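Beneath this line is the structure, given in structure tokens, with notes to follow.
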Amino acid sequence: MTIKDKQAQIVEEFSFMEDWMDKYEYLIELGRKLPPLEDASKTEKNLIKGCQSRVWLDVKREDGRLYFRADSDALITKGIVSLLVIVFSGHTPREILDADISFIDQIGLREHLSPTRANGLLSMIRQIQMYALAASAENPA
Amino acid sequence: MNIAHIREQFPALHQKVHGKPLVYLDNGATSQKPKMVLDVLQEMEGKINGNIHRAVHYLSAQCTERYEKARTVVKDFLNADSEDEIIFTSGTTASLNLLAFSFGQTYVRPGDRIIVTEAEHHSNIVPWQMMCQRTGALLEIWEVDDTGALDPKKLEQILDKSEEVPKLLAITHISNVLGLVNPLAEIIQIAHYYNVPVAVDGAQGIVHKKVDVRSLDADFYAFSGHKLYGPTGTGVLYGKVKYLEEMAPWQGGGDMIETVSLRKGTTYAQPPLKFEAGTANFIGIAGLGAAIEFINGLNIKLIEDHENEITQKAIEALGQIDGCKILGIPGTYYGKTYEKIPVFSMTIEGAHPSDIATLLDRMGIAVRSGMLCAEPLLERFGITSVLRASFALYNTLEELDFFVESLKKVLKILR
């Protein structure tokens with residue numbers, strides 16, 4: 001599935017939920033399902049700055065694709081970062097860099113996050129793009 | 001007058017957020033304002049507006065009068081000796097930065113020591129760290145114990161440590177995390193025995209306790225208007241005249257000078273104007289005066305009893321929640337009674353404060369989560385985040401019940 005398809009799928013799932021309490025409960029479920037990072041990966045290097053709770057993002061490169069794993073000590077945050085992992089994991093750096101990230105606005109997530117948390121989300125996306133940029137510079141496809 | 005009557009005077013409390021009636025429990029961060037204050041701001045912004053202390057015209061005179069009247073109101077509120085001891089600032093943070101700069105310039109030399117406690121807000125830590133960097137002074141930490149209380153013996157140990165006594169003790173009246181009222185009078189007495197002046201962060205203290213700087217014998221007392229039902233961007237630094245007269249000014253500009261000469265140099269005005277460079281927030285300060293007059297018009301005994309009832313019931317109700325741990329429990333520590341204001345910071349096993357606060361927000365409840373600008377204190381307790389519900393005089397027992405019930409619902413979702 002392309003990044004675009006995955007985003008469309010998330011948007012569809014959220015469209016069935018009427019109020020924001022349901023959407024949060026869904027994010028909490030996603031957060032619970034995301035396998036926790038082992039302590040060895042919860043490093044200072046993997047810690048994303050600018051989040052209200054602690055968020056770690058770990059990346060692995062295999063056959064030219066990036067595989068993300070993430071964790072947070074807060075469940076809703078973990079749910080949100082889980083969406084990012086679903087969307088971006090398993091793609092090439094070029095695909096990630098070229099992607100138009102529209103699902104966050106489409107599901108209304110940005111407007112329902114406080115500005116502090118929206119910044120945190122932005123930091124997560126930037127970190128993913130930075131990893132992709134670093135990987136593509138190392139090995140331009 | 002009862003709490004319901006007081007509540008009616010705060011328009012912001014009567015609104016819905018996310019379609020639910022607002023339950024505002026983030027008063028430790030900022031309070032809502034009574035109509036009396038809002039009216040002053042509107043009247044002045046819209047009509048009575050002229051820059052103070054300068055012109056001879058009507059509007060300027062009106063504003064100057066209101067600004068200086070606010071100084072008298074603050075002076076009486078603190079029971080200070082004179083208006084000269086009342087410096088207007090933009091808030092506690094500005095007050096403490098002013099103090100750290102001016103006090104540091106005048107009295108602090110390389111190798112000197114400044115004491116801060118481990119329970120301080122960042123505003124009462126970082127300005128002193130910066131001052132130490134500028135002057136070459138050293139920061140001494142008065143550590144809290146496992147309950148968050150401060151052992152006066154530890155202060156005496158720090159004071160006894162070397163021949164050269166520290167230059168200043170900077171301490172909060174009431175920690176914004178713990179809500180425990182420090183026995184200030186006793187602490188100041190100890191410090192003064194060693195000839196160490198004391199600067200008090202009163203951001204929370206001024207809101208919940210009657211502050212009498214003369215009977216406390218505090219050398220400096222800083223607070224904000226916006227937590228005291230007054231306008232944002234207003235604050236006060238009280239300081240004893242003997243220090244203010246000697247201290248170097250912080251910011252330069254208009255209003256703080258006596259004469260300015262490009263060739264002969266500049267001489268400064270007397271305090272408090274020496275520390276009020278530029279156009280002051282005179283409309284805000286007039287609003288702060290109105291906020292204090294509003295408080296003066298209330299039955300303080302009624303408010304204190306009401307806040308104490310909330311504190312007692314909240315500790316009881318929250319204590320029944322499985323895994324809920326409140327930081328700062330009132331009681332007797334080191335032979336002194338530590339009261340608690342209705343500020344409840346807590347950790348709850350199996351649920352992150354930011355998740356709890358997010359879900360409570362959907363239910364109309366405003367609470368705080370995170371480090372509360374007190375990273376060293378949280379680190380002392382080995383935690384990275386707390387949930388804080390902080391009550392004001394207009395919060396009701398029904399709101400407390402609703403908060404506790406909603407918290408239980410949220411925990412069912414999260415745990």
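Since every read-out is calculated from the coordinates, none of them should be taken as a lab result. Everything quoted here is computed from the prediction, not taken from an experiment. Cβ: placed from backbone, ideal geometry, glycine included. Neighbour counts: every protein chain shown.
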Exercise for review: Compute log10 of I(q)/I(0) for segment A:3-138 with the Debye formula, placing one identical point scatterer on every Cα and leaving out solvent, at q = 0.13, 0.15, 0.19 Å⁻¹, to two decimals.
Suggested key: -0.52, -0.70, -1.15
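What does the charge count near B:V74 come to, summing +1 for each Lys or Arg and -1 for each Asp or Glu among other residues with Cβ under 11 Å from its Cβ? Don't jump to the answer; show the numbers that get you there.
On the way: positive: B:K69, B:R71, B:K75; negative: B:E68, B:D76, B:E83, B:E85, B:E293.
Around B:V74, the charge tally is -2.
Could you size up the charge dipole of the protein assembly as shown around its Cα centre, putting +1 on the beta carbon of Lys and Arg and -1 on that of Asp and Glu, and report it in debye to the nearest 20?
Details: 58 positive and 73 negative charges, 159 e Å.
That gives a dipole near 760 debye.
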Point to revise | Cα-based reach from A:K78 at 14 Å (exclusive), listing aspartates and glutamates while leaving out same-chain residues under 8 positions away | key: A:E25, A:E29, A:D58, B:D355
**Study point:** Cα centroid separation - segment B:227-254 against segment B:311-346, whole Å
**Key:** 34 Å
Review point. Most fluctuating residue of A:D63, A:D98, A:D22 in a GNM of chain A with Cα springs under 10 Å: which is it?
Key: A:D63
Revision key, fill the gap. So the angle from the long Cα axis of helix A:3-15 to the longest Cα principal axis of chain A, reported in degrees to the nearest 10, equals 10 degrees
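I'd like to verify something in chain B: which complete DSSP H helices, judged by Cα projection on the helix axis, reach 24 Å or more and average at least -1.0 on the Kyte-Doolittle scale?
Numbers: long enough: B:58-78 (30 Å, -0.51); B:300-319 (28 Å, -0.37); B:397-414 (25 Å, 0.61).
Helices meeting the span and hydropathy rule in chain B are B:58-78, B:300-319, B:397-414.
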Point to revise | Local electrostatic count at B:A29 - Lys and Arg +1, Asp and Glu -1, tallied over other residues with Cβ under 10 Å | key: +2
Revision key, fill the gap. Hull volume per residue for segment A:65-141, using the convex hull of the C-alpha atoms, in Å³ is 85 Å³
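What order do you get for A:L121, B:L59 when you list them from fewest to most C-beta neighbours inside 10 Å? Before the final figure, lay out each step's value.
Numbers: A:L121 22, B:L59 15.
Arranged by neighbour count, lowest to highest, A:L121, B:L59 become B:L59, A:L121.
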Practice item. Would you work out which of A:A134, A:L30, A:S123 lies farthest towards the positive end of the dipole of chain A, given +1 charges on the beta-carbon of Lys and Arg and -1 on that of Asp and Glu, about the Cα centre? Key: A:A134
Check your understanding: Among B:G225, B:L150, B:I125, which residue has its Cα positioned farthest towards the positive end of the charge dipole of chain B, with +1 placed on the Cβ of Lys and Arg, -1 on the Cβ of Asp and Glu, and the dipole taken about the Cα centre?
Key -> B:G225
Review point. Quick one: how many lysine pairs in segment B:41-295 have C-alpha atoms under 16 angstrom apart, if they're 8 or more apart or on different chains?
Key: 10
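Hey, fewest Cβ within 10 Å first, where do B:K35, B:K264 land in order?
On the way: B:K35 14, B:K264 8.
Final ranking by Cβ density, sparse to dense: B:K264, B:K35.
Taking every DSSP beta bridge with both residues inside chain B, roughly what % is antiparallel (nearest 5)?
Details: 30 of 48 bridges.
Close to 60 percent.
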Practice item. Fewest Cβ neighbours within 10 Å first, please rank B:E307, B:E258 accordingly. Key: B:E258, B:E307
Review point. Which percent, nearest 5, of DSSP beta bridges in the protein assembly as shown are antiparallel?
Key: 70 percent
Practice item. Report, to the nearest 10°, how far helix A:115-138 tilts away from the longest principal axis of the Cα atoms in chain A, using its own Cα long axis and a range of 0 to 90°. Key: 20 degrees
Exercise for review: Could you tell me whether chain B comes out rounded, prolate or oblate from its Cα gyration tensor? Rule is a ≥ b ≥ c as square roots of the eigenvalues, rounded for a/c under 1.5, then prolate if a/b exceeds b/c, otherwise oblate.
Suggested key: oblate
Revision key, fill the gap. Residue-normalised 222 nm signal for the protein assembly as shown, counting each DSSP H run of n ≥ 4 as -39,500 (n - 2.57), nearest 500 deg cm²/dmol, is -13500 deg cm²/dmol
**Study point:** Whole-Å distance, taken between Cα centres, linking segment B:278-306 and segment B:62-102
**Key:** 13 Å
Review point. So what's the angle, to the nearest 10 degrees on a 0 to 90 scale, between helix A:75-88 and the longest Cα principal axis of chain A?
Key: 50 degrees
Review point. For the protein assembly as shown, taking Cα atoms only, what is the radius of gyration to one decimal and the Dmax to the nearest whole Å?
Key: 26.4, 79
